[in-house]
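Notes follow the structure.
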Amino acid sequence: MHLFRYRDGQLYCEDVDLARVAEKFGTPTYVYSAGTILDHYTRLDAALAPLDHLICYAAKANSNRAILKLLADAGAGFDIVSGGELFRVLAAGGDSAKCTFAGVGKSREEIEYALDQRVYSFNVESEAELDYIDRIAGAKKAHAPIALRANPDVESHTHKYISTGSHENKFGIGLDRIAAVYEQAAKMINLEIVGVQMHIGSQITEAAPFAKAIKKLAPVVRELKAKYGIKFFSTGGGMGIIYRRALESGSGQWWHDHGGEPAAFSVRDYADAVMPPLLDLNVRILVEPGRFFVGNGGVLLTRVRYVKKSGAKKFAIVDAGMNDLIRPALYHSYHEIVPVKQSITSTSKGKNKTEKIDIVGPVCESGDFFALDREMPQLHEGDLLAIMSAGAYGFVMASNYNSRPLPAEALVRGDKFGLIRKRQRWEDLVRGEVEAEW
C-alpha cells in the first residue's frame with residue numbers, strides 16, 4: 001500500500017525519519033515516497049502484461065516535475081488536461097508521443113502547442129470541439145490525431161464532484177451519438193481518427209464499474225476498428241485508494257480503521273475483471289491512473305501551533321491550512337492524521353490515551369479544518385503531525401489564499417531525501433503584479 005511506517009516510535013517514509021525532513025525544510029511540507037509510486041506503477045504494468053498497453057499517468061493528480069520524471073523514466077506516458085501540463089511533462093523529460101490530451105475546454109493556444117509537439121491523441125469531448133480542432137489543424141496544415149470520449153452512462157458510486165461517466169455529467173459523448181460523431185469526424189480532412197476513450201470517474205475502489213463500462217464499449221471499439229482502423233482504446237483512470245487505514249506501531253496497532261470504506265483496490269482483481277473483454281479487441285489498451293500511483297505515496301507534514309479549549313470543544317491549530325490541502329473543505333474527505341512521534345502516554349489498561357479534538361488551520365474560514373471530533377492522542381504545542389494519503393490533489397490544488405506562501409515539497413528515495421520545490425516566500429506573493437498603466 002505505502003512505505004510509511006513507525007520505527008521505534010518515529011514515523012518513517014521508506015528509510016527516512018520524517019522528523020528529519022521537517023527539521024531541514026520546515027512545515028508545512030509535502031513529502032512523497034518514490035518507492036511507493038514506482039511500486040504501484042510496476043504492479044499495474046505487470047498485471048496488464050498480456051495486453052499491448054500503455055499506462056498514461058494523469059498528471060493532474062500531482063504534477064511536480066520530479067514526480068513526472070520518476071514515472072517517465074519508468075516508461076509511463078501521460079494523460080494531460082492543459083497546455084501547462086504538457087509543458088511540465090516535456091520539462092520532466094516525458095515523451096509527447098505518449099501523451100493523450102483530455103479536457104472539455106481546450107483553448108486555441110493549447111491545441112496549437114499540442115499539435116506542434118505531436119501528442120499521441122486529442123481526446124475530444126464534444127462536436128463543437130471536434131470542429132474547432134479541425135479548423136486549427138487546417139490553418140497549421142497539420143493532421144490532428146483524435147479519439148472521441150464516449151460516455152458509457154455507468155454509475156461509478158463515487159463523490160458527485162468526481163463522477164464523470166453518467167449522462168448527467170459534462171464529459172464525453174453519449175453512446176447513442178458516438179457513431180454519428182465519428183462519421184462526422186471522418187469527413188474532416190484535417191483529422192485522423194486514432195482511437196476511442198472513456199473515463200467513468202475517480203476514487204473507484206472496486207473493479208465491477210470498470211468491467212461494466214468496458215463491456216458496453218467493446219462492440220463500439222470493434223465497429224470503429226473495422227470502419228476507421230483505430231489503434232487504441234483508452235479505458236481511462238479512476239482507480240481509488242484507501243484513506244482510512246491502520247499504521248503498525250511497536251506496541252500494537254492503536255491507529256485503527258474507522259470502517260465504512262471498502263477494502264484496498266486490488267490490481268489483480270482489476271486485471272481479472274477487465275482482461276477478458278479487452279484481450280480480443282486487437283487494439284492497444286491505454287489506462288490513465290493518477291491518484292492510484294501517488295495518493296498513498298505522499299503526506300503533508302504540519303506542526304501544532306496552539307491548543308485551544310472553547311467550552312466542551314478542543315482544537316489543535318496547526319500551521320497547514322485549507323489553502324495547502326483543500327480536500328477536507330471541498331469534498332469533506334477523510335485523511336488519517338498521525339503523530340510523527342508516537343504518544344507514550346498510557347492508561348492503566350495499557351492503551352494510548354486519546355481524546356476528541358478538531359484539527360484546524362490558521363485560515364480565516366470555518367471550513368479550514370482537517371478533522372472534526374477526531375480521536376487523537378493528547379496533542380501539545382510543537383507536536384509534528386503527518387496528514388496521510390495527501391500525495392494526490394494536494395499541492396496541485398493549493399493556493400495563496402490569505403496571502404499564504406505555498407508549502408515546500410520533498411521526495412524520499414530509500415535513505416535519501418531532497419527538496420523538489422522550494423517553499424514560497426512573501427516576496428513571491430507579489431511577483432508578477434504590476435502598477436496599472438492607464
Report summary line: Within segment 71-104, of all residues that are in contact (Cβ under 8 Å) with a residue 40 or more places away in the chain and under 18 Å from the mean Cα position of the chain (by Cα), the one nearest to F171 (Cα to Cα) is A102
**Report entry** Hits in segment 140-178 - residues which are more than 16 Å from E129 (Cβ to Cβ), at pLDDT 95 or above and of a type in the set (A, V, I, L, M)
**Finding:** A142
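Does D79 satisfy the criteria of being surrounded by 24 or more Cβ atoms within 10 Å (Cβ to Cβ) and acidic (D, E)?
Details: surrounded by 24 or more Cβ atoms within 10 Å (Cβ to Cβ): yes; acidic (D, E): yes.
Yes; evaluated as a whole, the condition is true for this residue.
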**Report entry** From E375, E381, E409, E355, residue being part of a loop (DSSP other than H, G, I, E, B) and charged (D, E, K, R)
**Finding:** E381
Query - Residue count for segment 385-412, restricted to those that are under 20 Å from the mean Cα position of the chain (by Cα) and charged (D, E, K, R) - result: 1
Query - Index of the failed condition, G103 passing every other in (1) surrounded by 15 or more Cβ atoms within 10 Å (Cβ to Cβ); (2) at pLDDT 95 or above; (3) in contact with a strand residue (DSSP E or B) (Cβ under 9 Å, 6 or more places away or on another chain) - result: (2)
Requested in this report: Within segment 264-287, identify whether any single residue is polar (S, T, N, Q) and within 20 Å of the chain's Cα centre (by Cα), and answer yes or no.
Outcome: yes
**Report entry** Count of residues meeting criterion [of a type in the set (A, V, I, L, M, F, W, C), closer than 30 Å to S234 by Cβ and part of a strand (DSSP E or B)] in segment 284-342
**Finding:** 3
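Report, by residue number, each residue of segment 98-131 that is part of a helix (DSSP H, G or I) and either of a type outside the set (D, E, K, R) or on the phi > 0 side of the Ramachandran plot (or both).
Filtering segment 98-131 down to residues part of a helix (DSSP H, G or I) leaves 98, 108-117, 127-131.
Selection gives I111, Y113, A114, L115, Q117, A128, L130.
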Report task. Pull up segment 186-222, narrow it to residues that are charged (D, E, K, R) and modelled with pLDDT of 90 or more, then point me to the one that is surrounded by the fewest Cβ atoms within 10 Å (Cβ to Cβ). Result -> K187
Query raised in the report: Considering only segment 412-438, how many residues are surrounded by 14 or more Cβ atoms within 10 Å (Cβ to Cβ) and not in a strand (DSSP E or B)?
Result: 3
Report summary line: For segment 393-404 the number of residues that are in a loop (DSSP other than H, G, I, E, B) and buried (at least 18 other Cβ atoms within 10 Å of the Cβ) is 4
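The values are calculated or read from the model by the stated rules, or taken from the named source; none is laboratory data. As the structure is a computational prediction, the values presented were derived from the model and not from experiment. Neighbour counts run over all protein chains shown; Cβ positions are idealised from the backbone, glycine included.
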